[in-house]
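The values are calculated or read from the model by the stated rules, or taken from the named source; none is laboratory data. These figures come from a predicted structure and were not determined experimentally. Methodologically, a virtual Cβ is constructed for each residue, glycine included, from the backbone with ideal geometry; neighbour enumeration extends over all protein chains shown. The protein model used for the area step is the full one, side chains on, heavy atoms only, and it has no ligands, DNA or RNA in it. Shrake-Rupley method; radii C 1.70, N 1.55, O 1.52, S 1.80 Å.
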Amino acid sequence: MNDAPCHSGLHNSFASEALPHVLVQGRNSPQKVPYGLYAEQLSGTAFTVPRHLNLSSWLYRIRPSVLQGEFREISFPTFLSAPFASGYTSPNPLRWDPMPKPPHNSDFIDSIFTMMGHGSIEMNQGAAIHLYYATLSMTDRYFYNADGDFLVVPQEGAMLIRSEFGDIHLQPGHIAVIPRGVKYQVMLIDARAKGYVLENYGSPFRLPELGVIGANGLAHPMDFTAPHAAYEDKTGDFQLIAKFQGRLWQSDIHYSPLDVVAWRGNLAPYQYDLHLFNTINTVSFDHPDPSIFTVLTSATCASGIANVDFVIFPSRWMVANDTFRPPYYHRNVMSEFMGLIYGQYDAKETGFLPGGASLHNRMVPHGPDADSYQKGVESALAPHYYTDTLAFMFESYHTWQLTDIAYHAPFRQQHYAECWQGLRKQFNIVETIKE
Ligand code: FE2
């Protein structure tokens, strides 16, 4: 199977200027850009992909990026990358409590703790899953990632992502996607910011096809917003951190790289409020497969095969007749990492905590724990609004390979599989025949 990227992003096109008349009608690269700015293109796809797949933007900035200086390698011991070794990956289901506060105060990038991943950065395939727990703002530091796009899923604490394209205010219940190459810094609004990151080495996230659902439903393009242009013209002693081919690099720079005065194009950071997701589910009986909850997908060239799907389980009505309403027991060729933003998940009402995580890799059986099963078979089937809950899944066709630090993390639960051990044999031919 050819896994090379062949699908692109959202394709909303934007234009924004922080000063009037920077953008010249009919010219992306005029001989002289107004205000003495430099024109610079940022491309997120090969130049020659079909027009409807092409992602690029023009940035009009105070200094071109070629002034960013020379990088030297630095160490980030918990920010790990492909290739991931398979030594800690087993057919056992795994679950983690929320990651505790790191021993030292850390900013967003410092605090990244890599849980698992797969694929190859060099080949633009695969992804990594990280946790973050920041207690400091990136006051004098900026970051860009040449290896992958960041899908940020905050679980606690609001933050301000200041990017070349402008500001994104991000809070739990919302997500942001920062394409590879975009420079930014993360400032805390609350005392701490915790959450999950999917680093996507593969094709850019896009909306899933709607098929027989039709034009409406799931996430709507109109609800994805890009930032307004905002620039700073500032000098000082700063660091630009780059992630390149799985390693971290630093350049000392003496100006802010967030100096883009105007931009236009269809490649930009964006955010989305998960509460705007138009959830589709049964109105008769049984469950659709969980793919019905897909917000964004990073496709491969094989039809219907995802590098990663980002899937949510939001508050929703449960109305199915004669149906076991919690998620059914299943084994799956896809590999499922789950996180919980708030509330409870209906297959695990205890043990799977907001900020925690679980992993059910390929063909690892899973489903409701014993308590949730009992509740599922006994509860009345009146319409019920399952509220104040937001769980999500990073689901991949490729098997998630654990990192050493995730496997040995003190916050990994040691006996997760015991949550099913209360499921007793209840096979009874005699009673069923009588009925
Ligand atoms: Fe599952």
*Tell me, what % of the accessible area of segment 1-144 is carbon and sulfur with a 1.4 angstrom probe?*
53 percent
*Take each of the peptides 59-72, 345-358, average the number of other beta-carbon atoms within 10 Å over its residues, and list them starting from the highest.*
345-358, 59-72
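Using r as the Cβ-Cβ distance of I433 and I305, and R0 as 56 Å, what FRET efficiency do you calculate, to the nearest 0.05?
On the way: r = 45 Å, r/R0 = 0.80.
According to the calculation, E is roughly 0.80.
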*Rounding to the nearest 20 debye, state how big the charge dipole of the chain is about its Cα centre with +1 on each Lys and Arg Cβ and -1 on each Asp and Glu Cβ.*
460 debye
*Obtain the nm distance between the two label points defined at D97 and W420 by a simple spin-label model: each point lies 7 Å from its Cα along the Cα-to-C-beta direction.*
2.4 nm
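Note the full-extension length gain between A46 and I405 as 0.36 nm times their separation in residues minus their Cα-Cα distance, in nm to one decimal. Present the calculation step by step, with values, prior to reporting the outcome.
Details: separation 359, 0.36 × 359 = 129.24 nm, distance 3.51 nm.
In short, 125.7 nm is gained.
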*Distance histogram for segment 1-143 (every C-alpha pair counted, 10 angstrom bins, percent rounded to whole numbers)*: 8, 23, 29, 26, 11, 3, 0
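If I take every Cα pair under 8 Å that is 6 or more residues apart in segment 340-435, average their sequence separation and divide by the length, what percent do I get for the relative contact order? Could you put the intermediate results ahead of the total?
Details: 64 pairs, mean separation 32.5, N = 96.
Taking the mean separation of contacting Cα pairs over the length of segment 340-435, I get 34 percent.
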*Pairs beyond 21 Å (Cα-Cα), from K348/K375; K32/K183; K183/K234; K194/K375*: K32/K183; K194/K375
*Roughly how many nanometres apart are two label points built 7 Å out from the Cα toward the Cβ at D322 and R247?*
6.4 nm
*Amide H contacts of V308 (H built 1.01 Å from N, under 5 Å, at least 5 apart or other chain)*: S298
*Could you state the number of Å between the C-alpha centres of segment 278-334 and segment 405-435?*
23 Å
*Karplus (6.51, -1.76, 1.60) ³J(HN,Hα), θ = phi - 60°, over segment 326-332, in Hz, Gly and Pro reported as x*: x, x, 6, 5, 7, 10, 9
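What length, rounded to one decimal in nm, is gained on full extension from D223 through to A382, with 0.36 nm per residue of separation minus their alpha-carbon distance?
Separation in residues times 0.36 nm, less the Cα-Cα distance, equals 54.0 nm.
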*Using the charge dipole of the chain (Lys, Arg: +1 at Cβ; Asp, Glu: -1 at Cβ; taken about the Cα centre), state which of T48, Y133, Q171 has its Cα farthest towards the positive end.*
T48
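For a Förster distance of 56 Å, can you work out the FRET efficiency between the beta-carbons of N332 and R63, rounded to the nearest 0.05?
0.70
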*Please tell me the relative contact order of segment 275-419 in percent, rounded to the nearest whole number, where contacts are Cα pairs under 8 Å and at least six residues apart.*
29 percent
_Average accessible surface area per residue within segment 297-383, 1.4 Å rolling probe, Å²_ = 40 Å²
*Just the number, please: Stokes-Einstein D of segment 192-295 in µm²/s, Kirkwood Rh from C-alpha pairs, 20 °C, 1.002 mPa s.*
118 µm²/s
*In whole Hz, what ³J(HN,Hα) sequence does segment 404-413 give by Karplus (6.51, -1.76, 1.60; θ = phi - 60°), x for Gly and Pro?*
3, 5, 6, 5, 8, 4, x, 8, 6, 6
*asked:* Taking 8 Å as the Cα distance limit and 6 or more residues as the minimum spacing, I'd like the relative contact order of the chain as a percentage.
replied: 21 percent
*What are the semi-axes of the equivalent ellipsoid for the chain, taken as the square roots of 5 times the Cα gyration tensor eigenvalues, largest first, in whole Å?*
41, 24, 19
*Show me 37-44, 298-305, 202-209 ranked by packing, highest mean number of other Cβ atoms within 10 Å first.*
202-209, 37-44, 298-305
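If you stretched the chain out fully between A215 and F285, how much longer would it get, using 0.36 nm times the residue separation minus the C-alpha to C-alpha distance? Don't skip to the end; give the middle numbers.
On the way: separation 70, 0.36 × 70 = 25.20 nm, distance 2.36 nm.
Full-extension gain reported as 22.8 nm.
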